[in-house]
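Visitor: Here it is, the structure, as C-alpha cells.
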Amino acid sequence: MTADTEAATPELEEHFQRTIDRDQRIEPRDWMPEGYRKTLIRQVAQHAHSEIIGMQPEGNWITRAPSLRRKAILLAKVQDEAGHGLYLYSAAETLGADRADLTRKLIEGRQKYSSIFNYPTLSFADVGVIGWLVDGAAICNQVPLCRSSYGPYARGMVRICKEESFHQRQGYELLMTMMRRGTEAQRRMVQDATDRWWWPSLMMFGPPDHDSPNTAQSMAWKVKRHTNDELRQRFVDMTVPQAEALGVTLPDPELAWNPERGHYDFGEIDWDEFKRVVSGDGPCNAQRVAQRRRAHDDGAWVRGAATAYAAKHSDTSHDHRGSQGL
Ligand code: FAQ
C-alpha cells in the first residue's frame, strides 16, 4: 500500500492537520485525506484546462497581428500559456490523476475551465485587454496560490505568476500605445474591448462567497488563501486607477470609491450569465471545446510516435550502450 492510498489513522490525520496548522507543505509522498486530494485535482485540472483553452482567444490574432513585433510578443505569450498548462497537469499527476484522463474529461465536457475563455476576441484591442484585465485578474487570484498548502501546486504557481505579470504588463503597454499614439478609431476599439471584458473578468473569481460551495473547506485546508469576493474586491481596487491612467471608462455606473469601506463599490454581477457560460451555453463554448478536440485528434500520431519511440528506446537502450562501449 503506498502513502497515497494508506487508510486514515488518527496519527496520520493528526500529522496532516499539524502540517497545515504550521503552514508547512503537504508533499506527494504524504498521507492526505481523500477530500483534499479530490479538491486539489478538481482545482488544478480546471486551472490546467483554462491555460490550454485560454490559448485560443488570443491565438485567433497571431496571423493578423499588426506588426512583426506584436506577432512575436503574442506568439511568446500564447506559448507561455501552454507551458503553464503543462506544469499544472504535472502537478495534478503528483496527486495520482492521469493526464490523458483529464484531457478526455475536458473534451467530453465533464470538467470545467474558466468561464472567461468562452467570449470572442473581436479586435486586436482584445489582445491588450486580455493581458490587462484577464491576466490581471489571474494574477490577483494566483499570487496567493503560491502559498497554497500543496507543495507542487504552490511551487508551480511561483513561475506561472512571474510570467502572468509579464503578460499583464505587455497588455497594458499595448493599450497605452493605442490610447496615446493611436487614432480615434483605435481608442474606440480599446473602449469597446474594455466594455466587453470587464464583467466577464469579475466573474473569473467565481461565485459570490455565500454561493461558493468549495471555499470554506479549501480555506480550512489552505488550498485557497482568500475567498472569491475578497480577491474580486482586490482586483477592482487595483484596476480602477489603471483605467483612469489609460483613459478608458469601466462600464459600471455604480463604481465609486467608498471611504468608509476603503474600497470601491461596484454594481451587481449578472450571475445568471455566469451560470449559463459555466454550464456550456456561453458565446464560444462549443467552438472552444470542438477546437480542443480537433487539436487532440490531430495530435494522435505524435503521441503514437512518441510512445513507439519510447518503447523501442527502452528495449534497445542496453544494446546502444553496449555498441558505444559505455
Ligand atoms: N469559470 O465553490 P467555488 C488564466 C466553478 S487561468 C468556470 O467558488 P472554487 C491564465 C468551480 O470550479 C484562469 N467555473 O469553487 C490565462 C466550482 O465547480 P465544481 C483559471 C468556475 O474552486 C490568462 C463551482 O464553480 N484560474 O486566466 C469559475 O473554490 C490569459 C463553484 O465555485 C484558475 O483556475 C469560473 N470563473 O473557486 C490564460 C485559478 N469559478 O468543480 C490565457 C485556480 C468557479 O464544484 C490567457 N482556481 N467555477 O463543479 C481557483 O482559484 C478556484 O478554483 C476558483 C473557484 C476561484 C476559480
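The values are calculated or read from the model by the stated rules, or taken from the named source; none is laboratory data. Everything numeric in this text was worked out from a predicted model, so none of it was measured. Here Cβ is always computed from backbone atoms with ideal geometry, including for glycine, and neighbour counts include all displayed protein chains.
Visitor: Those residues that are outside any helix (DSSP H, G or I), under 17 Å from the mean Cα position of the chain (by Cα), of a type outside the set (Ser, Thr, Tyr) and under 18 Å from Tyr264 (Cβ atoms), I need them from segment 192-234; list them, please. I'd like the intermediate steps shown before the answer.
Guide: Of the residues in segment 192-234, the ones outside any helix (DSSP H, G or I) are 204-208, 212-214, 221-227.
Going one step further and asking which of them are under 17 Å from the mean Cα position of the chain (by Cα), we end up with 204-207, 223-227.
Restricting the remaining residues to those that are of a type outside the set (Ser, Thr, Tyr) gives 204-207, 223-226.
The answer is Met204, Phe205, His226.
Visitor: Does Leu122 fit the bill of being surrounded by 20 or more Cβ atoms within 10 Å (Cβ to Cβ) and of a type outside the set (D, E, K, R)?
Guide: Working: surrounded by 20 or more Cβ atoms within 10 Å (Cβ to Cβ): no; of a type outside the set (D, E, K, R): yes.
For Leu122, the condition - surrounded by 20 or more Cβ atoms within 10 Å (Cβ to Cβ) and of a type outside the set (D, E, K, R) - is not met.
Visitor: Can you spot a residue in segment 141-157 that is more than 12 Å from the ligand (Cβ to nearest atom), of a type in the set (Ser, Thr, Tyr), part of a helix (DSSP H, G or I) and more than 24 Å from Gln291 (Cβ to Cβ)?
Guide: no
Visitor: If you don't mind, there's one more thing I want to ask. Quick one: is Pro200 of a type outside the set (A, V, I, L, M), out of contact with any Asp or Glu (no Cβ under 9 Å at 6 or more places or on another chain), within 12 Å of the ligand (Cβ to nearest atom) and at pLDDT 95 or above?
Guide: Numbers: of a type outside the set (A, V, I, L, M): yes; out of contact with any Asp or Glu (no Cβ under 9 Å at 6 or more places or on another chain): no; within 12 Å of the ligand (Cβ to nearest atom): yes; at pLDDT 95 or above: yes.
Taking the combined requirement at face value, the residue does not satisfy it.
Visitor: Additional query: Name, by its number, the condition in (1) within 10 Å of the ligand (Cβ to nearest atom); (2) farther than 19 Å from Ala82 by Cβ; (3) crowded, with 22+ Cβ neighbours inside 10 Å that does not hold for Trp132.
Guide: (1)
Visitor: Restricting attention to segment 42-68, and to residues there that are in a helix (DSSP H, G or I) and of a type in the set (Gly, Ala, Ser), which single residue is nearest to Gln186 (Cα to Cα)? Before the answer, list the steps.
Guide: Initial filter on segment 42-68 (in a helix (DSSP H, G or I)): 42-53, 55-59, 62-64, 68.
Still in the list and also of a type in the set (Gly, Ala, Ser): 45, 48, 50, 59.
On the way: Ala45: 37, Ala48: 33, Ser50: 29, Gly59: 20 Å.
So the residue we want is Gly59.
Visitor: Consider Arg159 carefully, then state whether it is surrounded by fewer than 20 Cβ atoms within 10 Å (Cβ to Cβ), free of Cβ contacts under 8 Å to residues at least 12 places away in the same chain and more than 16 Å from Glu58 (Cα to Cα). Don't jump to the end; show me each part of the working.
Guide: Values: surrounded by fewer than 20 Cβ atoms within 10 Å (Cβ to Cβ): yes; free of Cβ contacts under 8 Å to residues at least 12 places away in the same chain: no; more than 16 Å from Glu58 (Cα to Cα): yes.
No; evaluated as a whole, the condition is false for this residue.
Visitor: I'm checking my understanding of the structure. Among residues of segment 69-125 that are within 11 Å of the ligand (Cβ to nearest atom) and part of a loop (DSSP other than H, G, I, E, B), which one is farthest from Pro152 (Cα to Cα)?
Guide: Once the filter is applied, the top-ranked residue is Thr121.
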